[in-house]
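Chemist: Below you will find the structure I want to go over with you.
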Amino acid sequence: MNDGPPRSSDSPTRSEDPYPRSRSRGQAPSGVGPHDAARDRAPGTHESGGASGKGAARRRASLSLETIVDTVIAVLDRAGSQRLTLRGLATELNSGVASLYWYTNGKDDLMALVTSEVLGRALTQFHALCGDGEPGPEEFEAFPAPRADPRTSAATAQALEELRCLCLCLFSQMREHPWLAGQLLSTARSEENALRSWECTGQLLQRMELDAEQRFYASLAVANYAFGTGAGIAHRHNRPAAEESARQVHEQLERAGRSGPGMFPVVRAMLGSFRDHDDRSEYIAGLELLLAGIERQTWGGSSTP
């Protein structure tokens, strides 16, 4: 993506903690991400009047923002964003469509809520892994982090490892939730936890021997790779027609390879690798090229943030 850093929404942020913990299942949201605005719209335990009657009051009181968000994520994982409707969601929740409007302004609002929720889960996982000294999510164990160059300081090496872990946690959520990549690719990154991810990236870069300009451009590069290139890779992997698309690309490459002994020699040489690679290896290879470039800049940069 080439649109620069995530853009903050106009609504104020309740929490000053730049690294919020995602809510745990069974607990009410605690001021993390865009839950706040919807929770402020949520009804109390009593109906405030009107002709809807006690049944409607009980139905609204039985809902919670957490339940709605979890149900939306489950529907999106199962059927995709095109199949999500408020009427269908109300059916899933055994509720009425009108009750949902106490918590959301519509589908776009719901998509923003669940996008920020899933990004918040990535941040929670990142902090947990760093606290345990783990290099990344379990699904990336087969891809160990490269050793730092001898010219790299211990502080920079540690920050680079954590930055790699953060990017892997974000990519892991994109792989787990097929709709997330498309959401990040098609909308401005204004969700609160997208902004928090960029804040986290910036704070990690502050621990490296980079000057202010280097940190700025490095933060843009990491954010654009994680939310742009990473989302694109995950999107190709998760599409229902991914296998068919891959087959078509393979056929195109095969045709290029058969064009003649002197035609497309580099493409022909890469045919085997193209068939064998997967989305994880593609993402990590690009990420490590990016981080190696940042690491190299620290060798001749300022020693103070």
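Chemist: Let me know the shape class of the stretch 90-174, please: from the alpha-carbon gyration tensor, a ≥ b ≥ c as square roots of the eigenvalues, rounded when a/c is under 1.5, otherwise prolate if a/b is greater than b/c, or oblate. Please report the intermediate quantities before stating the final value.
Modeler: Values: a/c = 4.16, a/b = 3.22, b/c = 1.29.
Prolate.
Chemist: Could I ask something else about it? So how exposed is S172, as accessible area in Å² (1.4 Å probe, rounded to 10)?
Modeler: The accessible area comes out at roughly 10 Å².
Chemist: Taking the solvent-accessible surface of protein heavy atoms with a 1.4 Å probe, what is the per residue accessible area of the stretch 125-204 in Å²?
Modeler: Value returned for the stretch 125-204: 43 Å² of accessible area per residue.
The values are calculated or read from the model by the stated rules, or taken from the named source; none is laboratory data. Given the structure is predicted, the values throughout are model-derived calculations rather than measurements. Side chains are part of the model used for accessible areas, which takes the heavy atoms of the whole protein and leaves out ligands, DNA and RNA. Shrake-Rupley method; radii C 1.70, N 1.55, O 1.52, S 1.80 Å.
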